[in-house]
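Nothing in this text is a laboratory measurement; each read-out follows from the coordinates by a stated rule. The structure displayed is predicted, hence computed values, not measured ones. Virtual Cβ from ideal backbone geometry, glycine too; neighbours counted across all protein chains shown.
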Amino acid sequence: MRLSCLAFLILNCFISSAQIKSVLIDSTSNLPIPYVNIWVENENIGTTSNKKGVFKIENIKQDDKKILVFSSLGFEINKLLVSEIKDSIFLKPISISLDEVLITKKLNTKKLIVDKFKKSKSNSYILCSRKPWMFAKYFKYKSNYDNIPFIKSFTFLTNSKVKNAKFNIRLYEKNESGEPGNPIYEKNIFGYAKKGKHKTVVDISDLDFLIPKNGFFVVVEWLIIEENKSVETFTYEGASKKHKADRYSPKFGLFPTEDQTLTFHYSNAKWYKAWLNKEDSKYTFKKFRNKYKLLAVELELTN
């Protein structure tokens, strides 16, 4: 009887500490899909597939009724029960109709910086813990862009705990609801943030990309990969005990705005409007009180 109880306890411990592991495959090319963001629906748990398309999530049972959500540019969003996870998961590519982006020869004789910022002017950052997500900023089109319509680069304010933290950039049109709609570029654009606080430039001049006349959203996407992970020690307000938590670099700088239509965040396969910072919150910097948080990103245009 004691042996049976012991066996049951060992088995129960094994199940409770189990993990699911699989590889994501393109159903058309049969090639692995790297850097797909995956999360447990309605929970603050998630991960990202590595460069070989492999992912794993700890402390989740194979027979669990929870749902995993898979999101990657160029592929249909997929939802699967944990019990349906096999050694390989196939994601279906989607055909994206994109506008022609090159209509004239680029000269590179002029430039314009849109929403230029100083690194020293921001002391607030947004970070990522155990669940992948995205943060978006909308750029309106202005008439003076007509003569300098090519996007040369994006510059982000980053603060990284690791060397060359990798992140993804997505570009979206604005839909009828004012949210990020369809992608206007079908591939990932990767950026690398140096360790410490920097203005991180991501050059896309080789894409010959024209700024859309209806404006567009620039979106940063965190990657929950081992190379980006660090452990942060902190103490809750009013407590003496220290806590440790995984954090994924980089942090992105923020500036206050009163225009809610410019800023959105994405989680669990849905876009959300930015939240208003409470005016009386002791956890919010004074300049952000009663305002929204806007991603610190510059846009460099050329002709």
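Worth pointing out:
- Between Q260 and N42, the simple label model (points 7 Å from Cα in the Cβ direction) yields a spacing of 2.5 nm.
- Shape call, region 189-298: gyration tensor on alpha carbons, a/c limit 1.5: oblate
- Label-to-label distance, nm, for residues given as N290 and E186 (7 Å Cα→Cβ offset): 4.8 nm
- Multiplying the residue separation of N30 and E226 by 0.36 nm and subtracting their alpha-carbon distance yields 68.1 nm.
- Shape call, region 107-183: gyration tensor on alpha carbons, a/c limit 1.5: oblate
- With K and R counted +1 and D and E -1, the other residues having a Cβ less than 9 Å from that of I113 yield a net charge of -1.
- Per residue convex hull volume, Cα atoms of the chain, in Å³: 172 Å³
- Degrees between helix 2-16 axis and first principal axis of the chain (Cα, 0 to 90, nearest 10): 10 degrees
- Extension gain from F90 to N268, taking 0.36 nm per residue of separation minus the Cα-Cα distance: 62.1 nm
- Each Lys or Arg adds one and each Asp or Glu subtracts one; over the other residues with Cβ under 13 Å from the Cβ of I148, this totals +3.
- Helix-only mean residue ellipticity at 222 nm for the chain, each DSSP H run of n ≥ 4 adding -39500 (n - 2.57), per residue, nearest 500: -1500 deg cm²/dmol
- Compared with the alpha-carbon gap, the fully stretched path from E173 to K195 is longer by 4.8 nm at 0.36 nm per residue.
- Cut-off 12 Å between beta-carbons: net charge of the residues surrounding L299, Lys and Arg +1, Asp and Glu -1: +3
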